[in-house]
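Everything below concerns the one structure shown next.
The values are calculated or read from the model by the stated rules, or taken from the named source; none is laboratory data. Since the model is a prediction, treat every value here as computed from it, not as a measurement. Methodologically, a virtual Cβ is constructed for each residue, glycine included, from the backbone with ideal geometry; neighbour enumeration extends over all protein chains shown.
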Amino acid sequence: MCGVLETSVLQDKSARKALVSKDLKPVLDWFSTGPEPHLIGSKCSACGTFYFPKLETLCRNPVCDSTQFETAPLSRFGTLWSYTDAGYQPPEPYVATDPYKPFAIAAVELDKEKMVVLGQVIEGVGVDALKVGMKMELVIETVPDKTEPEGKIVWKWKPVEGAQ
């Protein structure tokens, strides 16, 4: 199987809680880091369209001209829509392990919002273990960082146990 980065696979809530309690910094502020992490998006107050990352300007729905948005926690679960592998080392600012280890990337359709969000798949799960239509869960893992010795945290997708 393809590995992602030298990180610990966080397959249970207690392991995720331990990671969050280390006070590691997130790569971006686009997700929560609690025991049940989720992406943070926005929802148009007029038409109800969801956006990720957050949108705070003009609604992109062609039948809506609202500029009012509310912060919206997005679904933690979704369905695998598509996937691929990063068999090449991405360019900077991506910080890779040395030597580089390929990883899987998943496009997951969020359960409630029906929007597709891309993200890395957890370490230890490669494309050979993925199947379009399987259930996925958003989890937190660490990734290497040039300025933070312990790394930073980021969201990743994990197949739901027993999903096929």
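So if I check each of 47, 59, which one is part of a loop (DSSP other than H, G, I, E, B), of a type in the set (A, V, I, L, M, F, W, C) and surrounded by 17 or more Cβ atoms within 10 Å (Cβ to Cβ)?
59
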> Looking only at residues in the range 93-121 that are among the charged types (D, E, K, R) and within 30 Å of residue 50 (Cα to Cα), which one is nearest to the chain's Cα centre (by Cα)?
Replying inline: 109
>> Could you check the range 85-94 and list, in sequence order, the residues that are of a type outside the set (Gly, Ala, Ser) and part of a loop (DSSP other than H, G, I, E, B)?
In response: 88, 89, 90, 91, 92, 93, 94
> Would the range 98-118 turn up any residue that is in contact with a Lys or Arg (Cβ under 8 Å, 6 or more places away or on another chain) and surrounded by fewer than 22 Cβ atoms within 10 Å (Cβ to Cβ)?
Replying inline: no
>> Can you go through 160, 154 and tell me which one is among the β-branched types (Val, Ile, Thr) and buried (at least 17 other Cβ atoms within 10 Å of the Cβ)?
In response: 154
> Which number in (1) farther than 27 Å from residue 50 by Cβ; (2) outside any loop (DSSP other than H, G, I, E, B) marks the one condition that residue 82 misses?
Replying inline: (1)
> Got a number for residues in the range 31-44 being more than 14 Å from residue 110 (Cβ to Cβ) and outside any loop (DSSP other than H, G, I, E, B)?
Replying inline: 1
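Kindly indicate which of 132, 108, 121 is modelled with pLDDT of 95 or more, in the same structural domain as residue 33 (by TED's automatic domain parsing), more than 22 Å from residue 31 (Cα to Cα) and not aromatic (Phe, Trp, Tyr).
On the way: 108 fails: more than 22 Å from residue 31 (Cα to Cα); 121 fails: more than 22 Å from residue 31 (Cα to Cα).
Sole residue among the options that is modelled with pLDDT of 95 or more, in the same structural domain as residue 33 (by TED's automatic domain parsing), more than 22 Å from residue 31 (Cα to Cα) and not aromatic (Phe, Trp, Tyr): 132.
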> If residue 145 passes every condition in (1) surrounded by 15 or more Cβ atoms within 10 Å (Cβ to Cβ); (2) within 18 Å of residue 39 (Cβ to Cβ) but one, which one does it miss?
Replying inline: (2)
>> Step by step: first the residues of the range 70-83, then only those that are more than 15 Å from the chain's Cα centre (by Cα) and exposed (fewer than 15 other Cβ atoms within 10 Å of the Cβ), then the one that is nearest to residue 150 (Cα to Cα). Which residue is that?
In response: 71
